[in-house]
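Student: Pasting in a structure now, in C-alpha cells, and then I'll have a few things to ask.
Read the figures in this text as sums done on the coordinates, not as results from a lab. Since the structure is predicted, the reported quantities are computational estimates derived from the model, not experimental observations. When we count neighbours, we look across all protein chains shown, and the Cβ atoms used for this are built from the backbone with ideal geometry, even at glycine.
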Amino acid sequence: MKTIGLLILRIKEYLILTVFVVISLVLIFNNDNTQIRFLRAFAIGFVGTLQSGVSAVPNVFELQSENKYLREKNIELANEVASLKEAKLENIRLSKLLTLKEANVLGVISASIVNKSLVQTRNTITINAGENDSIKVNMPVVTDDGLVGKIVGVSKNYSIAQILYNKDLRISAKVQRSRVDGIFTYDGVGNLVLTNVPKAADVNPGDLIITSEYSNLFPGGIPLGTVLETGNLDNLFKKITVKPAVNFNILEEIFVVKSQPNKEKSDLEKLFMNK
Amino acid sequence: MIVSYLKYIAVIILLVAVQKTLIWLIALSNYNIAPDLVILMVIYVGIARGHIEGSIIGFLSGLMIDMLSGSFLGLSALSYTLAGFIAGYFCIREREEFLKKYFLIGIVFLCALIGNSIYFLIFYQGSPISVFNIFLIYVLSTTTYTTIVGSLFILFIKDSKKTAYS
C-alpha cells in the first residue's frame, strides 16, 4: 500500500495530466461539429484498419468451430438449393400442363401418378383420380408432350392406365409429314414401333408420328413420337422404330382427356366385322 | 499556495478578457494572426511552478477560453494543459542555470508551438486546407508572434529581477 502511495506520489504530475487530458478529450468528443465528425471518421477508419490487420491472423481455436458452422450451413444451403430447383422444375412442368389444359377444348382432368411400371411387357401407371373425378375407361391420357396411354381401370379415387409401353395398346397413327398410316404399338422388348407401313411408304428418321383421326379412342393429332430409324421388316412392310414424345422415366403429372369413343361408329364397325 | 493559485487565476481572467476584447489592437488582421497572451501566462506558470501547476492553470484557462468562444469546448483546455505541462520540464526551481534569456525564449516557442499545433491541427480537421498549410499559416505564424510578444515579457521580467536583486 505504501509502495503504491509512493508510486502515485512519484507520478502524480502524469496522473494529473492524464486526468486533464481525458476531461478535455471527453469535452472535445462531446462536440458535434465538422472537425469532430471528421476525427470520429478517422478514428473509426484507423480502428477498422487495425482490426482488419488483426483479423488476418488466423485464430486456430476458432477455426474448428467456424469450419463446423460453415459445414452445417453448407449442408443447409445445399438442401435449400435442391428444394428450390425441385420447385422450379415443378413450376415449369405445371405451367406447361396448364397451357395444355387451357388449349384442350374437350376438357381435361389433372392427376398425379402414384405408381408406375416400365420394365414389363404390359406397363401401366396408377393415377390419383377416379370415378369421383368423372374418369371413365378408355379415356386418353396425355401430357403437354404427347400421348401417354388410355384408362383401363377405374375405382372411386384411382385409375389405371395402359401406357405406350404396353403390348396390349395398339393405336391408329400416321406420319404427320407424309400422312402415311400405320399401327403404333410396343414390341415388348423395349421398342415402340410403327407397323403395317408399306415398304414403299415415304417415312424418314425425324418424322413426327401422331394419332390418326381414324382412331375411335384418341383424338387425332396427338404426338406419339418421332421416327428413330427405318428399315425393312420383310418384302412387304417397313420396320420403323419410334422415340416416344413423352419421357416416361420422369413423368409425374398427367391429364385425362374427357373424350369417349363414338358408340354409333364403333357399333357399326363391330356389326360390319361380324358379318 | 492557494493565494498564489488565486493570483494566477486572477491574472488569467484578466488576460482572457484582454485576449477576447483588445487583442485586435495588436493582431495582424490581414493575415489573421494574433498573439496568444493566455498561453504565455500558462507557460510562465509551468516554468515558475512545475508540471502540476502548469497543467492545472493550463486546463482552467483553456476551459475559460473555450466557454467564452463557445465553438469547440475542450480544445483549448487540451492544448493549454499540454503546453503548461511541457513548460514544467523547464521549471526554474530546478534548472535555473539553464534559463538564460534566449533559452527561455526557446522554451516559450517550443511550448507555444506544441499548444498551437494541437489546437490548430484539430481545429482545421475536415477543412480543405492541407496539414502543411495549417502548420505554416496558423501554427508557425501564431507561435512566432506569440513568442515575440513573450520575449518582451521575458526581457521585462529579467530586467525587473535584476533591478530587484541589485
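Student: What area, in nm² and to one decimal, does the C-alpha convex hull of the stretch A:108-260 cast on average over all directions? List each step's numbers first, then the result.
Tutor: Values: hull surface 32.5 nm².
Projected area, direction-averaged: 8.1 nm².
Student: Among A:G231, A:T3, A:T241, flag the residue with its Cα farthest along the positive direction of the charge dipole of chain A, charges on Cβ as +1 for Lys/Arg and -1 for Asp/Glu.
Tutor: The one lying farthest along the dipole's positive direction is A:T3.
Student: Sequence neighbours fewer than 8 away in the same chain don't count; with that in mind, list the aspartates and glutamates whose C-alpha is under 19 Å from A:K88.
Tutor: Filter leaves A:E76, A:E80, A:D144, A:D145, A:E252, A:E253.
Student: If you don't mind, there's one more thing I want to ask. Using the count of nearby Cβ atoms within 10 Å as a rough guide to exposure, how do A:I183, B:I107 rank from fewest to most? Working shown, then result.
Tutor: Numbers: A:I183 14, B:I107 22.
Ordered by Cβ neighbours within 10 Å, fewest first: A:I183, B:I107.
Student: Say the dipole of the protein assembly as shown comes from +1 at the beta carbon of Lys and Arg and -1 at that of Asp and Glu; which of A:F20, A:L147, B:S69 then lies farthest toward its positive end?
Tutor: Of the options given, the answer is A:F20.
Student: Counting helices only, and only those DSSP H runs with n ≥ 4, report the 222 nm mean residue ellipticity of the protein assembly as shown as the sum of -39,500 (n - 2.57) divided by its residues, in deg cm²/dmol to the nearest 500.
Tutor: -17000 deg cm²/dmol
Student: How big is the charge dipole of the protein assembly as shown about its Cα centre, in debye rounded to the nearest 20, if each Lys and Arg gets +1 on its Cβ and each Asp and Glu gets -1 on its Cβ? Display every interim value, and only then the final one.
Tutor: On the way: 42 positive and 34 negative charges, 106 e Å.
It comes to approximately 500 debye.
Student: Which order results if A:S24, A:S117 are arranged by neighbouring Cβ count within 10 Å, fewest first? If you can, show how the numbers build up before the last one.
Tutor: Numbers: A:S24 26, A:S117 13.
Ascending Cβ contact count within 10 Å gives the list A:S117, A:S24.
Student: Over chain B, what number does the Rg to Rh ratio reach, with both radii from the alpha-carbon atoms and Rh per Kirkwood?
Tutor: For chain B, the value is 0.97.
Student: Also, I was wondering about something else. With +1 on the Cβ of every Lys and Arg and -1 on the Cβ of every Asp and Glu, and nothing else charged, how large is the dipole of chain B about its Cα centre, in debye rounded to the nearest 20?
Tutor: Numbers: 10 positive and 7 negative charges, 74 e Å.
For this selection, approximately 360 debye.
Student: What stretch of chain B, leaving out the sites themselves, is the longest with no trypsin sites (Lys or Arg not before Pro) in a DSSP loop having at most 14 other Cβ atoms within 10 Å? Could the numbers behind the result be given before it?
Tutor: On the way: sites that count: B:R93, B:R95, B:K100.
By the stated rule (loop sites, at most 14 other Cβ atoms within 10 Å), B:1-92.
Student: Shifting gears a bit: If the cut-off is 18 Å between C-alpha atoms, which aspartates and glutamates fall inside it for A:K263, apart from same-chain ones fewer than 8 positions away?
Tutor: Counting by Cα, and skipping residues close in sequence, A:K263 has these aspartates and glutamates nearby: A:E213.
Student: Out of A:Q64, A:Q176, A:Q35, any idea which swings most in a Gaussian network model of chain A, alpha carbons joined below 10 Å?
Tutor: Of A:Q64, A:Q176, A:Q35, the most mobile in the Gaussian network model is A:Q35.
Student: Note the direction-averaged projected area, equal to a quarter of the hull surface, for the Cα convex hull of the stretch A:2-54, in nm².
Tutor: Details: hull surface 22.4 nm².
That works out to 5.6 nm².
Student: Identify which of B:A34, B:A17, B:A77 has the largest mean-square fluctuation in a Gaussian network model of chain B, with springs joining Cα atoms closer than 10 Å.
Tutor: B:A17
Student: Find the percent of Cα-Cα distances in the stretch A:224-275 that exceed 18 Å, and round it to a whole number.
Tutor: Numbers: 870 of 1326 pairs.
Percent of Cα pairs beyond 18 Å in the stretch A:224-275: 66.
Student: Give the angle, between 0 and 90 degrees and rounded to the nearest 10, that separates the Cα long axis of helix A:263-274 from the longest principal axis of the Cα atoms of chain A.
Tutor: The answer is roughly 40 degrees.
Student: Which of the DSSP-defined H helices in chain B satisfy a minimum axial length of 20 Å, computed from C-alpha atoms, and a minimum mean Kyte-Doolittle hydropathy of 0.5?
Tutor: Values: long enough: B:2-21 (28 Å, 1.72); B:51-69 (26 Å, 1.17); B:101-123 (32 Å, 1.99); B:141-165 (36 Å, 0.32).
Within chain B the helices that satisfy the rule are B:2-21, B:51-69, B:101-123.
Student: Binning every alpha carbon pair distance of chain A at 5 Å from zero, what are the percents per bin?
Tutor: Using 5 Å bins, I get a P(r) of 1, 5, 8, 10, 11, 9, 7, 5, 4, 3, 3, 3, 3, 3, 4, 4, 3, 3, 3, 3, 2, 2, 1, 1, 0, 0, 0 for chain A.
Student: Just the number, please: Stokes-Einstein D of the stretch A:196-260 in µm²/s, Kirkwood Rh from C-alpha pairs, 37 °C, 0.692 mPa s.
Tutor: Working: Rh = 13.6 Å.
Answer, rounded: 241 µm²/s.
Student: Still on this structure: Just tell me which aspartates and glutamates come within less than 12 Å, Cα to Cα, of A:K243; anything on the same chain fewer than 8 places away is out.
Tutor: Straight-distance partners of A:K243: A:D207, A:E229.
Student: Ok, one more. As I understand it, the dipole of the stretch B:34-160 uses +1 on the Cβ of Lys and Arg and -1 on the Cβ of Asp and Glu, about the Cα centre. Which of B:C111, B:I57, B:F123 lies farthest toward its positive end?
Tutor: Most positive-ward Cα: B:C111.
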